[in-house]
Amino acid sequence: MIDVRQLKKSFGSLQVLKGIDAHIREGEVVVVIGPSGSGKSTFLRCLNLLEDFDEGEIIIDGINLKAKDTNLNKVREEVGMVFQRFNLFPHMTVLNNITLAPMKVRKWPREKAEAKAMELLAKVGLKDKAHAYPDSLSGGQAQRVAIARALAMEPKIMLFDEPTSALDPEMVGEVLSVMKQLANEGMTMVVVTHEMGFAREVGDRVLFMDGGYIIEEGKPEDLFDRPQHERTKAFLSKVL
Amino acid sequence: MDFRFDIIAEYAPYFFQGLLATIGVSLAGIIFGLILGLFIGLGRMSSKWIVRLPFSWYINFFRGTPLVVQILLVHFGVMPLFFAQPNGLVSLAVSLSLNSAAYVAEIFRAGIQSIDKGQMEAARSLGMTHAQAMRYIILPQALKRMIPPFANEFIVLIKDSSLGMVIAAPEIMYWGKAAAGEYYRVWEPYLTVAFIYLLLTLSLSKLSHYLERKYSTQ
């Protein structure tokens with residue numbers, strides 16, 4: 001589903017991705033962990049080209065992102081993204097946040113978009129907030145709306161960029177449980193997170209990144225219980 | 001001290017004409033300034049420096065030189081290229097438009113760039129084009145923040161239209177000067193003129209407060 005080959009990316013003179021190879025299968029939940037500055041968020045943001053990359057290639061669902069005839073907007077319709085800071089549209093109600101893209105991008109009629117939005121709000125447990133504005137929501141509620149907003153486009157892949165890092169501790173659970181449900185339904189997911197419990201429980205595979213490389217990858221139980229690489233051991237000993 | 005209301009009464013029809021002219025050139029300056037300014041502001045934000053360059057210099061020139069000089073250049077330099085008998089009010093409206101466009105461009109740019117970049121990223125990640133993201137996400141939020149600086153700029157524009165006097169454009173100030181010249185009086189004509197400008201600028205600032213309140217409810 002996602003093929004990444006020798007991905008390289010620099011910000012000015014600082015190279016943050018030094019050659020990433022990854023292959024993500026349909027329905028797989030891949031969790032990316034690693035210290036700050038390891039390049040994991042940049043890697044994720046390259047997958048829908050929110051961040052342009054310098055070398056290598058990314059192929060999503062058979063489409064090469066850097067090919068000349070690739071319509072990036074079409075690719076992005078199929079790749080949902082959830083941000084650390086929610087990025088809800090503050091001038092719109094929750095309902096309009098969710099229906100905007102399906103109506104303007106997918107050209108759905110309003111009734112269809114609203115029915116879909118209400119179904120998704122029910123799924124994330126926020127049906128009663130449909131007509132609220134984002135600034136009246138708690139962090140956990142806002143992030144669940146953001147997930148519903150991404151799902152409304154019916155994407156094939158969901159990217160999560162530290163979705164619980166900006167939340168108060170008591171709200172982390174409600175967001176993770178929505179993500180867990182999504183994983184159980186077979187969504188292909190790439191999740192950058194510091195939630196090791198989630199990685200272990202929900203992840204099919206864990207990638208450990210450090211210094212712009214994928215240092216080690218494997219099943220959660222292998223990587224967490226029997227890390228092979230020194231840097232992985234050092235990192236895990238600090239976070240577990 | 002005697003205050004000669006008869007002078008004001010005599011000149012009332014002219015002040016009224018001048019008022020209409022001032023409103024006319026100011027509206028033209030605001031409308032064309034907004035349209036041209038949006039265009040220049042967008043050009044100024046281009047990611048290519050070669051595209052940015054002419055727009056930056058437009059802004060540099062019109063913000064960095066006195067309006068009175070621009071009015072003289074437009075009326076005696078540019079307009080005669082197109083018209084045998086340049087009309088003072090037209091020249092004034094053109095000068096005000098060109099000048100306010102530079103300030104409007106910077107207001108647009110500052111307003112758009114003040115919106116958190118996560119908003120654009122979220123919109124693009126949903127498959128929206130850059131234009132859709134601008135239209136539905138960035139501009140509605142940015143315009144709200146632009147209301148106070150726009151009001152400020154257009155209040156200045158209304159007052160600056162009085163500089164039309166230097167090319168004998170018959171706006172309010174022109175008639176004030178005419179009355180002052182005829183009767184050698186200072187207070188009656190100039191206080192009347194000041195009072196009319198005050199009415200115009202206060203109306204505009206009330207309108208701005210109303211818009212601010214209207215759009216801040218969400």
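Points to keep in mind about this one:
- Applying both filters, DSSP loop and at most 12 other Cβ atoms within 10 Å, to the chymotrypsin sites (Phe, Trp or Tyr not before Pro) of the stretch B:41-115 gives B:Phe82, B:Phe83.
- Percent of C-alpha pairs per 5 Å bin in the stretch A:1-121, short distances first: 2, 9, 17, 19, 17, 15, 11, 7, 3, 0, 0.
- Rel. contact order, % - alpha carbon contacts under 8 angstrom, at least six apart, chain B: 30 percent
- Share of carbon and sulfur in the accessible area of the stretch A:1-123 stands at 47%, probe radius 1.4 Å.
- Entries of B:Lys117/B:Lys144; A:Lys68/B:Lys48; A:Lys40/A:Lys123 with Cα pairs more than 24 Å apart: A:Lys40/A:Lys123
- Sequence-ordered 3J(HN,Hα) estimates for the stretch A:106-123 from the Karplus curve with 6.51, -1.76 and 1.60 and θ = phi - 60° stand at 8, 6, 6, x, 3, 4, 5, 5, 5, 4, 5, 4, 5, 4, 5, 5, 5, 5 Hz, glycine and proline given as x.
- Distance from the stretch B:65-89 to the stretch A:155-189 (C-alpha centre basis), Å: 64 Å
- Helical runs (DSSP H, four residues minimum) scored at -39500 (n - 2.57) apiece and divided by the length of the protein assembly as shown put the mean residue ellipticity at 222 nm at -18000 deg cm²/dmol.
- The heavy atoms of A:Asp52 offer some 90 square angstrom of accessible surface to a 1.4 angstrom probe.
- Between the amide H of A:Ser10 and those of A:Val16, A:Asp54, distances stay under 5 Å, these residues lying 5 or more places away or on another chain, with hydrogens modeled in the peptide plane.
- Loop-located trypsin sites (Lys or Arg not before Pro) in the stretch A:98-139 whose Cβ has at most 10 other Cβ within 10 Å (DSSP): A:Lys107
- Scalar couplings 3J(HN,Hα) for the stretch B:151-157, obtained by applying the Karplus form with A = 6.51, B = -1.76, C = 1.60 to θ = phi - 60°, are 4, 4, 4, 6, 5, 4, 4 Hz; x denotes Gly and Pro.
- Residues in the stretch A:81-95 occluded by at least 50 Å² - accessible area, probe radius 1.4 Å, against chain by itself: A:Asn87, A:Phe89, A:His91
- Alpha-carbon Rg with Dmax, taken over the stretch A:1-235, Å: 17.8, 55
- Burial of 50 Å² or greater, the stretch A:104-133 residues [accessible area, probe 1.4 Å, versus chain by itself]: A:Lys104
- Phi to ³J(HN,Hα) by Karplus 6.51 cos²θ - 1.76 cosθ + 1.60 over the stretch B:166-174, Hz, x for Gly, Pro: 5, 10, 6, 6, x, 9, 4, 4, 4
- Between A:Leu167, A:Leu151, A:Val105, the Cα set farthest toward the positive side of the dipole of chain A (charges on each charged residue's Cβ, about the Cα centre) is that of A:Val105.
- The mean number of Cβ atoms from other chains found within 10 Å of a Cβ in peptide B:129-139 is 3, as a whole number.
- Overall, the protein assembly as shown carries a charge dipole of about 540 debye about its Cα centre when +1 sits on the Cβ of Lys and Arg and -1 on the Cβ of Asp and Glu, all other atoms neutral.
- Accessible carbon and sulfur surface of the stretch B:1-49 relative to its total accessible area, %, 1.4 Å: 75 percent
- For A:Met118, solvent-accessible area (1.4 Å; no DNA, RNA or ligand), Å²: 60 Å²
- Start at zero, step by 5 Å, and the Cα-Cα distances of the stretch A:126-180 spread as 4, 18, 31, 25, 17, 5, 0 percent across the bins.
- Within chain B, the percentage of alpha carbon pairs spaced more than 22 angstrom apart rounds to 59%.
- Interface burial for B against A (accessible surface, 1.4 Å probe, total of both chains, Å², rounded to 100): 1800 Å²
- Minimum 20 Å² accessible area buried by the other protein chains, the stretch B:102-127 residues, probe 1.4 Å, relative to alone: B:Gly118, B:Gln119, B:Glu121, B:Ala122, B:Arg124, B:Ser125, B:Leu126, B:Gly127
- Surface accessible to a 1.4 Å probe, per residue, for the residues of the protein assembly as shown, Å²: 48 Å²
- Here the mean projected area of the convex hull built on the C-alpha positions of the stretch B:131-218 is 7.6 nm².
- Electrostatic dipole magnitude of the stretch A:1-235 [Cβ: Lys, Arg +1; Asp, Glu -1; Cα centre; debye, to 20]: 660 debye
The values are calculated or read from the model by the stated rules, or taken from the named source; none is laboratory data. What you see is a predicted model; the values in this text were computed from it and never measured. Please note: Cβ atoms are built from the backbone with ideal geometry, for glycine as well, and neighbour counts cover all protein chains shown. Side chains included, ligands, DNA and RNA excluded: accessible areas come from the protein's heavy atoms. Shrake-Rupley method; radii C 1.70, N 1.55, O 1.52, S 1.80 Å.
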